[in-house]
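A.B. asks: Would you mind keeping the following structure in view while I ask a few things?
The values are calculated or read from the model by the stated rules, or taken from the named source; none is laboratory data. The structure displayed is predicted, hence computed values, not measured ones. We place every Cβ from the backbone using ideal geometry, glycine too, and count neighbours over all the protein chains shown.
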There are 2 protein chains.
Amino acid sequence: MNIETEQRTASGLKLKQKCRSDMPVIDCDVHNEFTNYAQDLLPYVSREWKHYITEGLFRGVAMRPYTLWQGGYRDDVRSEDGSPAAVNLDQVKRQHLDQWGIEYAILTHGVTALSVCYYGQYEWASELAKATNDWALDNWLGDPRVRCSMVVAAQHPTAAAKEIDRVSEHPGIIQVILPTRSPGGVAWCDPKYDPIWKAAERHNLVVGFHVNSDAGNVLPPTTAGWPRSYLEASAAYVIAAQSELIGIICSGVFERFPQLKVAMIENGFGWFPSLMWRLDKHWRELRAELPWLRRKPSEYAEDHIRFTTQPMEEPESPQQLLQLIDMMGSDEYLMFSTDYPHWNFDSPARSLPGAISADLAEKILSGNARAFYGLPAARHDTRTSGAALDE
Amino acid sequence: MNIETEQRTASGLKLKQKCRSDMPVIDCDVHNEFTNYAQDLLPYVSREWKHYITEGLFRGVAMRPYTLWQGGYRDDVRSEDGSPAAVNLDQVKRQHLDQWGIEYAILTHGVTALSVCYYGQYEWASELAKATNDWALDNWLGDPRVRCSMVVAAQHPTAAAKEIDRVSEHPGIIQVILPTRSPGGVAWCDPKYDPIWKAAERHNLVVGFHVNSDAGNVLPPTTAGWPRSYLEASAAYVIAAQSELIGIICSGVFERFPQLKVAMIENGFGWFPSLMWRLDKHWRELRAELPWLRRKPSEYAEDHIRFTTQPMEEPESPQQLLQLIDMMGSDEYLMFSTDYPHWNFDSPARSLPGAISADLAEKILSGNARAFYGLPAARHDTRTSGAALDE
């Protein structure tokens, strides 16, 4: 099997032999964006809060501390009138699901929606989260290929848990999505958030931690403060992921919530093997400090944590990528993702090395996500739905 | 060649065939400690500052936020009277240099000495750094196998540069040692520190960044705040290293100081390959943001940065360690270190995998450090000096 099948011709990219002709693809990081945050949410905001938008002129919090080229979007996926990408389901279906023959797409919202965790105003943040979820239920679940994440204002854990109880009744909601960096400098491992993990576990929702570069009520993204470029801030995503994962594992979150499932989304994974080696080694030497841990750290990771692939690790040689996956200690960790519609999109057809085994490719492209998110075998035919680019 | 030559017998560890019988060893992380910080330094503190100790009762800053088992020391290297390890040159020679037949030991001071960077009182910190260096020159350089690091109060860069000018005249001083986490939340990549890099470059001193778990005027060691255990704080050392290295490379420090050499000491290295892949990838995509970089990030790293080995990465299989070293992209990155006298000491005889090539082992055990620090071929006979444990 070779899934590197894109071929360039004089007319540009042809996608005749897409991986979907070989294998199903579950895309675990597809962004669904607002056209206008405040206006899109206004109909879903409770009467007693509407004046925040209508009179308070709330427009969302513009917290990007860096200029992103093209606003962070792919050049080729805007609407025909130039408006933003991924702002409605039809657009996502046409530009992405159909084009690549995606079996399932897991929607992860955008940076604005996730930033609700970084608002100082707890109650307003909880209201915005609730409105975002109602907006998503109304607008984003009208296709059998689509599953959606819900957002919560995690700085207000009891309200967040109630919101999970409320929204999780909808079968299209399969994940609670949170920014990787914890709010207000209170690490995700802090018992403060236990009501959220308890609710997610109760409803069998995955907790997804997605990179989020924004400021607000949150510590800087590195231990050396704010990087001076978006390039550096991008590379530094892996730092918050390591910071939080150490705490989540070592503080015993998975002992307290043995059914909890955590997806690390767009956080990289090249750093993971050596971090686990180090945690396991220190656990052997210093476990007296953490008597609540009954197993070594890597065993908790293997049972509870998965990683999405984008932005794919890109070593010098494809063989090193396979070695790296081997170093992770399990072939069940990785779940494929594209990050559509963002600029650093990973193509389903070009992201895995040609030398990968069919078994491992199948697990990464769909099998691991299917098992982790509990997705049923698709009844929709993903092959015939993707004719857009066929010639 | 097989350097895993320790053999257990009924009488315990025998060290008959130590690696020194095969290859020279340069140990790049040997700690020289105070017996009593304030009292040891008192003779070296200028007259106008002595009252800080004699009347202000300054005793050093007790900033360890965690309990370390045995204070962080090996059980077996205390003095016979129970006093702390590594507090004088004779002890270090007997317990370490002789025992392992070390060709060169690079002294890196202890956590107390490095913490001078985290004092709010800039001038007092500069005075303590100066006293520490004079104390080291008087007490720690009386053996041809020993080289020493100097300390500076980096939060006061002009004074630090002057101190480098003053101390670097001594040929035994080959490194300026700093804590990996930058002082006061001002990243090491900030131009504020340029006078220090300029002085180190001028005197051909390596700048060594050594882990330092202490608090004081410094940001927390993770982006999620302070870990709740020493185990986690230990594993999190790698986080500050990544945070600072991204900035040092991307801000163009090595363009401004093309002869500057940086040793990452006790910061791990398993995280390094994937960080370089990511930085190189982002540099290809976003280099317009950093026009001062003329080469890709990994090229700066290869020319300017080295890593000490302890605490050695310990994957499931020795083969994975060799793969990891291959992923680093150069066999010149790693420099052996033991961390004597600390609890997580790496033995020269047992730290490298048996399957390593003789050429790579030689580079890691001595060749890379010899070249990086510019150490001359030893005239002292390291073989006959190490009879302590021979039977």
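A.B. asks: Test A:PRO291 against the criterion of being outside any helix (DSSP H, G or I) and more than 23 Å from the chain's Cα centre (by Cα), and give yes or no. Show your work before the answer.
C.D. replies: Values: outside any helix (DSSP H, G or I): yes; more than 23 Å from the chain's Cα centre (by Cα): yes.
Spelling it out, A:PRO291 is indeed outside any helix (DSSP H, G or I) and more than 23 Å from the chain's Cα centre (by Cα).
A.B. asks: Residue by residue through the stretch A:264-286, note down the ones that are closer than 19 Å to B:SER317 by Cα and among the small types (Gly, Ala, Ser).
C.D. replies: A:GLY270, A:SER274, listed by residue number.
Let's see how each residue does on (1) in contact (Cβ under 8 Å) with a residue 24 or more places away in the chain; (2) among the hydrophobic types (A, V, I, L, M, F, W, C); (3) not in a strand (DSSP E or B):
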| residue | (1), (2), (3) |
| --- | --- |
| B:ARG147 | yes, no, no |
| B:THR158 | yes, no, yes |
| B:ASP165 | yes, no, yes |
| B:PRO171 | no, no, yes |
| B:GLN175 | yes, no, no |
| B:ARG181 | yes, no, yes |
| B:GLY184 | yes, no, yes |
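A.B. asks: Within the stretch B:319-363, work out how many residues are of a type outside the set (Val, Ile, Thr) and within 20 Å of A:GLU316 (Cβ to Cβ).
C.D. replies: Filtering the stretch B:319-363 for residues of a type outside the set (Val, Ile, Thr) gives B:319-324, B:326-337, B:339-355, B:357-363.
Within this subset, residues satisfying the condition of being within 20 Å of A:GLU316 (Cβ to Cβ) are B:319-324, B:326-334, B:357, B:360, B:363.
The total comes to 18.
A.B. asks: Do we have any residue at all in the stretch A:187-200 that's at the interface with chain B (Cβ under 7 Å from one of its Cβ atoms) and either of a type in the set (A, V, I, L, M) or over 21 Å from A:TYR119 (Cβ atoms) (or both)?
C.D. replies: For the stretch A:187-200, residues at the interface with chain B (Cβ under 7 Å from one of its Cβ atoms) and either of a type in the set (A, V, I, L, M) or over 21 Å from A:TYR119 (Cβ atoms) (or both): present.
A.B. asks: Given the conditions (1) of a type in the set (D, E, K, R); (2) within 12 Å of another protein chain (Cβ to nearest Cβ); (3) under 27 Å from B:GLU103 (Cα atoms), which single one is not true for B:LYS281?
C.D. replies: (3)
A.B. asks: If you check A:ILE265 against the conditions, is it crowded, with 24+ Cβ neighbours inside 10 Å and either closer than 23 Å to B:GLY268 by Cα or facing chain B (nearest Cβ under 7 Å) (or both)?
C.D. replies: Working: crowded, with 24+ Cβ neighbours inside 10 Å: yes; either closer than 23 Å to B:GLY268 by Cα or facing chain B (nearest Cβ under 7 Å) (or both): no.
No: the conditions fail for A:ILE265.
A.B. asks: If A:GLY247 passes every condition in (1) assigned to a helix (DSSP H, G or I); (2) away from chain B (no Cβ under 12 Å) but one, which one does it miss?
C.D. replies: (2)
A.B. asks: So the check is Cβ under 6 Å with 6+ separation or different chains; which pairs have a first residue in the stretch B:219-237 that's within 7 Å of another protein chain (Cβ to nearest Cβ) and a second one that's among the charged types (D, E, K, R) and not in a loop (DSSP other than H, G, I, E, B)?
C.D. replies: Filtered contacts from the stretch B:219-237: B:ALA224/A:GLU244; B:SER229/A:GLU289; B:LEU231/A:GLU289; B:ALA235/A:ARG278.
A.B. asks: Please enumerate the residues belonging to the stretch A:249-307 that are among the aliphatic types (A, V, I, L, M) and more than 28 Å from A:SER337 (Cα to Cα). Please lay out each step first, then the result.
C.D. replies: Taking the stretch A:249-307 first, the residues among the aliphatic types (A, V, I, L, M) are A:249, A:253, A:260, A:262-265, A:275-276, A:279, A:286, A:288, A:290, A:293, A:301, A:305.
If the condition is that a residue be among the aliphatic types (A, V, I, L, M) and more than 28 Å from A:SER337 (Cα to Cα), then A:LEU286, A:ALA288, A:LEU290, A:LEU293 are the ones that fit.
A.B. asks: Hey, among the residues in the stretch B:308-334 that are more than 12 Å from chain A (Cβ to nearest Cβ) and in contact with a Gly (Cβ under 9 Å, 6 or more places away or on another chain), which one's nearest to B:LEU245 (Cα to Cα)?
C.D. replies: B:THR308
Listed here are the residues, each with its yes/no results for (1) at pLDDT 50 or above; (2) under 18 Å from B:THR308 (Cβ atoms).
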| residue | (1), (2) |
| --- | --- |
| B:ASN2 | no, no |
| B:THR5 | no, no |
| B:ALA10 | no, no |
| B:LEU15 | no, no |
| B:VAL25 | yes, yes |
| B:HIS31 | yes, yes |
| B:LEU41 | yes, no |
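A.B. asks: Let me ask something else about it. Given the structure, is B:GLU255 in contact with a Phe, Trp or Tyr (Cβ under 9 Å, 6 or more places away or on another chain), away from chain A (no Cβ under 12 Å) and at pLDDT 95 or above? First the steps, then the outcome.
C.D. replies: On the way: in contact with a Phe, Trp or Tyr (Cβ under 9 Å, 6 or more places away or on another chain): yes; away from chain A (no Cβ under 12 Å): yes; at pLDDT 95 or above: yes.
Yes, satisfied.
A.B. asks: Here's another thing I want to ask about it. Collect the residues in the stretch B:219-230 that are crowded, with 24+ Cβ neighbours inside 10 Å and not β-branched (Val, Ile, Thr), keeping them in residue-number order. It would help to see each step written out before you state the result.
C.D. replies: Within the stretch B:219-230, the first condition is being crowded, with 24+ Cβ neighbours inside 10 Å, and the residues that meet it are B:221-224, B:227.
Across the stretch B:219-230, the qualifying residues are B:PRO221, B:ALA224, B:PRO227.
A.B. asks: In this structure, is A:VAL186 touching a Gly at 6+ places or on another chain (Cβ under 9 Å) and either among the small types (Gly, Ala, Ser) or surrounded by fewer than 24 Cβ atoms within 10 Å (Cβ to Cβ) (or both)? Working first, answer last.
C.D. replies: Numbers: touching a Gly at 6+ places or on another chain (Cβ under 9 Å): yes; either among the small types (Gly, Ala, Ser) or surrounded by fewer than 24 Cβ atoms within 10 Å (Cβ to Cβ) (or both): yes.
Yes; evaluated as a whole, the condition is true for this residue.
A.B. asks: Of all residues in the stretch A:273-293, count the ones that are surrounded by 22 or more Cβ atoms within 10 Å (Cβ to Cβ) and touching a Gly at 6+ places or on another chain (Cβ under 9 Å).
C.D. replies: 6
A.B. asks: Is there a residue in the stretch A:153-168 that is among the polar types (S, T, N, Q) and either touching a Ser or Thr at 6+ places or on another chain (Cβ under 9 Å) or crowded, with 24+ Cβ neighbours inside 10 Å (or both)?
C.D. replies: To start, the set of residues in the stretch A:153-168 that are among the polar types (S, T, N, Q) comprises A:155, A:158, A:168.
Checking the rest, the ones that are also either touching a Ser or Thr at 6+ places or on another chain (Cβ under 9 Å) or crowded, with 24+ Cβ neighbours inside 10 Å (or both) come to A:155.
Looking through the stretch A:153-168, at least one residue is among the polar types (S, T, N, Q) and either touching a Ser or Thr at 6+ places or on another chain (Cβ under 9 Å) or crowded, with 24+ Cβ neighbours inside 10 Å (or both).
Rundown of residues vs (1) more than 25 Å from A:THR222 (Cβ to Cβ); (2) among the charged types (D, E, K, R); (3) at pLDDT 95 or above, yes/no style:
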position: A:VAL262; (1), (2), (3): no, no, yes
position: A:TRP277; (1), (2), (3): no, no, yes
position: A:LYS281; (1), (2), (3): no, yes, yes
position: A:ARG295; (1), (2), (3): yes, yes, yes
position: A:ILE305; (1), (2), (3): no, no, yes
position: A:THR308; (1), (2), (3): no, no, yes
position: A:GLN320; (1), (2), (3): yes, no, yes
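A.B. asks: Out of the stretch A:294-317, which residues are surrounded by fewer than 17 Cβ atoms within 10 Å (Cβ to Cβ) and of a type in the set (Ser, Thr, Tyr)?
C.D. replies: If the condition is that a residue be surrounded by fewer than 17 Cβ atoms within 10 Å (Cβ to Cβ) and of a type in the set (Ser, Thr, Tyr), then A:SER317 is the only one that fits.
A.B. asks: I'd like the residue in the stretch B:201-218 that is surrounded by 22 or more Cβ atoms within 10 Å (Cβ to Cβ) and of a type in the set (A, V, I, L, M) and, out of all such residues, is farthest from the other protein chains (Cβ to nearest Cβ). Step through it out loud before you land on a result.
C.D. replies: First, the residues of the stretch B:201-218 that are surrounded by 22 or more Cβ atoms within 10 Å (Cβ to Cβ): B:205-213, B:218.
Of the ones still in play, those that are also of a type in the set (A, V, I, L, M) are B:205-207, B:211, B:218.
Details: B:LEU205: 22, B:VAL206: 20, B:VAL207: 15, B:VAL211: 12, B:VAL218: 9 Å.
Here the residue is B:LEU205.
A.B. asks: In the stretch A:110-120, how many are part of a loop (DSSP other than H, G, I, E, B) and in contact with a Phe, Trp or Tyr (Cβ under 9 Å, 6 or more places away or on another chain)? Steps first, please.
C.D. replies: First pass over the stretch A:110-120, keeping only residues part of a loop (DSSP other than H, G, I, E, B): A:110, A:119-120.
So of that shortlist, the ones also in contact with a Phe, Trp or Tyr (Cβ under 9 Å, 6 or more places away or on another chain) come out as A:110.
Looking only at that region, the number is 1.
A.B. asks: Under the condition of being touching a helix residue (DSSP H, G or I) at 6+ places or on another chain (Cβ under 7 Å) and part of a helix (DSSP H, G or I), which residue from the stretch A:310-323 is nearest to B:LEU279 (Cα to Cα)?
C.D. replies: Let us first name the residues in the stretch A:310-323 that are touching a helix residue (DSSP H, G or I) at 6+ places or on another chain (Cβ under 7 Å), namely A:313-315, A:320, A:323.
With part of a helix (DSSP H, G or I) added as a condition, the list becomes A:320, A:323.
Numbers: A:GLN320: 17, A:GLN323: 20 Å.
In this case the residue turns out to be A:GLN320.
A.B. asks: Quick one: A:LEU286 ticks every box in (1) outside any helix (DSSP H, G or I); (2) at the interface with chain B (Cβ under 7 Å from one of its Cβ atoms); (3) more than 16 Å from the chain's Cα centre (by Cα) except a single one, so which number is it?
C.D. replies: (1)
A.B. asks: Separate question: When you go through A:GLY60, A:GLY56 one by one, which is the residue that is assigned to a loop (DSSP other than H, G, I, E, B), touching a Phe, Trp or Tyr at 6+ places or on another chain (Cβ under 7 Å), of a type in the set (Gly, Ala, Ser) and surrounded by fewer than 19 Cβ atoms within 10 Å (Cβ to Cβ)? Explain how you work it out, then say what you get.
C.D. replies: Details: A:GLY56 fails: touching a Phe, Trp or Tyr at 6+ places or on another chain (Cβ under 7 Å).
Exactly one of A:GLY60, A:GLY56 is assigned to a loop (DSSP other than H, G, I, E, B), touching a Phe, Trp or Tyr at 6+ places or on another chain (Cβ under 7 Å), of a type in the set (Gly, Ala, Ser) and surrounded by fewer than 19 Cβ atoms within 10 Å (Cβ to Cβ), namely A:GLY60.
A.B. asks: Starting from residues that are assigned to a loop (DSSP other than H, G, I, E, B) and of a type in the set (Phe, Trp, Tyr), keep the ones in the stretch B:334-391 and report whichever is modelled with the lowest pLDDT. Quick ask: steps written out before the conclusion?
C.D. replies: To start, the set of residues in the stretch B:334-391 that are assigned to a loop (DSSP other than H, G, I, E, B) comprises B:336-341, B:343-357, B:374-391.
In the following step, the residues that additionally are of a type in the set (Phe, Trp, Tyr) were identified as B:336, B:340, B:343, B:345.
Working: B:PHE336: 98, B:TYR340: 95, B:TRP343: 83, B:PHE345: 91.
By that ranking, first place goes to B:TRP343.
A.B. asks: How many residues are acidic (Asp, Glu) and touching a Gly at 6+ places or on another chain (Cβ under 7 Å) if we restrict to the stretch A:216-249? Walk me through it before giving the result.
C.D. replies: Step one: filter the stretch A:216-249 for residues acidic (Asp, Glu), giving A:232, A:244.
Subsequent filtering for residues that are touching a Gly at 6+ places or on another chain (Cβ under 7 Å) retains A:232.
Residues in the stretch A:216-249 being acidic (Asp, Glu) and touching a Gly at 6+ places or on another chain (Cβ under 7 Å): 1 in total.
A.B. asks: If you don't mind, another one. In the list A:PHE269, A:PHE307, which residue meets the criterion of being among the hydrophobic types (A, V, I, L, M, F, W, C), in contact with a Phe, Trp or Tyr (Cβ under 6 Å, 6 or more places away or on another chain) and assigned to a strand (DSSP E or B)? Let's see the steps before the verdict.
C.D. replies: Numbers: A:PHE269 fails: assigned to a strand (DSSP E or B).
Only one candidate passes the filter, namely A:PHE307.
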